[in-house]
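Here is the structure we will look at, set down as structure tokens.
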Amino acid sequence: MLEITLPEYAKDTILTFIRDFAGDKRVIVGMSGGLDSSTVAKLCVMALGKERVLGVHMPEEATPSQDTRDAENLAKQLGIEFRIIPIGDFVKSLAEGVGIEKRMSMANLKARVRMLILYALANDINALVVGTSNKSELLIGYFTKYGDGASDFAPLGDLYKTQVRLLAREIDVPQEILNKAPTAGLLPGQLDEEEIGVKYDLLDKILYGIELGYSKAEIIRLLNIDEEIVNRVYEMHENSRHKRVLLYIPKIGVRTINTDWRE
């Protein structure tokens, strides 16, 4: 019935992955105050210790004050170094300088400014940037290319949003964060499920069906849902393919990066 559970080995696998990938380096987590980044921050502390984790919160005018409080409170609870870097002036200066006016262009600019700051800090202290995107977002392109989609590694990248919530409960992420409605936090009043047009519980089951190789007809039958919803998810998945591929390169040589030469 396409039910999604959290494998019992998920937590340990992710902790091992973080340790192996980070090596002896510090890591930086952009902490929005939301579920995904809070879960990643706690996993990094569990894997590496609090001394090797830097949390960075980057608010602007659309950032709810509660998100700032939640991010700061979690950082205190975890005992990690924490910095608050407002990005409003940076975004405004860039937007005016380049001549950006469209609503979504401004939203994506905010995400890219945040990643610019994270990588500047990482470069300065020889650290790695930890991504906070989950599998649901990655599969439908619900992230900003070279913004929140850019990172050195993504511990939650093979967990659907519903699985992230289960993992967050397992590692005792604060209840006030668990109870929040998911939001990208780029626009006032923005909510993920309203923007996507599908609740995460259903979205994840459709994506899981695609992962398992089921046809559209099988997914519709198994979930007893309208064809229009499944078509919408398929369309988001197909249209966002360019976001999941680092570089598109024409095949010329014996082995081609991202085609038959993968690192």
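The values are calculated or read from the model by the stated rules, or taken from the named source; none is laboratory data. Computed from a prediction, not measured in an experiment: that's the story for all the values here. Ideal geometry is used to build each Cβ from the backbone, glycine not excepted, and the neighbour counts take in all protein chains shown.
Of note:
- Count of residues meeting criterion [in a strand (DSSP E or B) and among the small types (Gly, Ala, Ser)] in the range 42-89: 1
- Lone qualifier among ASP124, ASP152 - being at pLDDT 95 or above, within 18 Å of the chain's Cα centre (by Cα), more than 23 Å from ASP67 (Cα to Cα) and surrounded by fewer than 18 Cβ atoms within 10 Å (Cβ to Cβ): ASP152
- Exactly one residue out of ASP158, ASP152, ASP124 is touching a residue at least 60 places away in the same chain (Cβ under 8 Å) and of a type in the set (D, E, K, R): that is ASP152.
- Residue pairs meeting the criteria (Cβ under 8 Å; at least 6 apart or on separate chains; first closer than 20 Å to ILE125 by Cβ and in contact (Cβ under 8 Å) with a residue 60 or more places away in the chain, in the range 35-58; second among the aromatic types (Phe, Trp, Tyr) and outside any helix (DSSP H, G or I)): LEU54/PHE82; VAL56/PHE82
- For the range 24-33, the count of residues that are among the basic types (Lys, Arg), modelled with pLDDT of 95 or more, in a helix (DSSP H, G or I) and touching a helix residue (DSSP H, G or I) at 6+ places or on another chain (Cβ under 9 Å) is zero.
- Considering only residues in the range 205-258 that are among the basic types (Lys, Arg) and in a helix (DSSP H, G or I), the one that is surrounded by the most Cβ atoms within 10 Å (Cβ to Cβ) turns out to be LYS205.
- Remark: pairs (first residue in the range 219-234, under 19 Å from SER136 (Cα atoms) and in contact (Cβ under 8 Å) with a residue 60 or more places away in the chain; second residue polar (S, T, N, Q) and not in a helix (DSSP H, G or I); Cβ separation under 9 Å; 6+ apart in sequence or on different chains) are absent.
- Any hit, the range 26-40, residues being surrounded by fewer than 22 Cβ atoms within 10 Å (Cβ to Cβ) and more than 18 Å from LEU166 (Cβ to Cβ): yes
- One residue stands out in the range 127-149 among those that are within 21 Å of TYR200 (Cβ to Cβ) and either of a type in the set (D, E, K, R) or free of Cβ contacts under 8 Å to residues at least 12 places away in the same chain (or both): the one that is surrounded by the fewest Cβ atoms within 10 Å (Cβ to Cβ), namely LYS135.
- MET104 being outside any strand (DSSP E or B) and either among the hydroxyl-bearing types (Ser, Thr, Tyr) or buried (at least 17 other Cβ atoms within 10 Å of the Cβ) (or both): no
- Failed item, numbered, when ALA47 is tested on (1) closer than 28 Å to MET104 by Cα; (2) among the small types (Gly, Ala, Ser); (3) buried (at least 20 other Cβ atoms within 10 Å of the Cβ): (1)
- Test: residue in the range 203-214 that is over 20 Å from ARG244 (Cβ atoms), of a type in the set (Asp, Glu) and at pLDDT 95 or above: no
- Taking residues in the range 69-85 that are touching a residue at least 24 places away in the same chain (Cβ under 8 Å), and partners anywhere that are surrounded by 15 or more Cβ atoms within 10 Å (Cβ to Cβ) and small (Gly, Ala, Ser), the pairs with Cβ atoms closer than 6 Å and at least 6 places apart or on different chains are ASP70/GLY33; ALA71/GLY33; LEU74/SER38; ALA75/GLY55; ILE80/GLY55; PHE82/GLY55; PHE82/ALA75.
- Unique match (being basic (Lys, Arg) and within 19 Å of MET115 (Cβ to Cβ)) among ARG52, ARG26, ARG69: ARG26
This table checks each residue for (1) outside any helix (DSSP H, G or I); (2) not hydrophobic (A, V, I, L, M, F, W, C).
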position: SER93; (1), (2): no, yes
position: GLU96; (1), (2): no, yes
position: ASN108; (1), (2): no, yes
position: ARG114; (1), (2): no, yes
position: ILE117; (1), (2): no, no
position: ALA120; (1), (2): no, no
position: VAL129; (1), (2): yes, no
position: LEU138; (1), (2): no, no
position: THR144; (1), (2): yes, yes
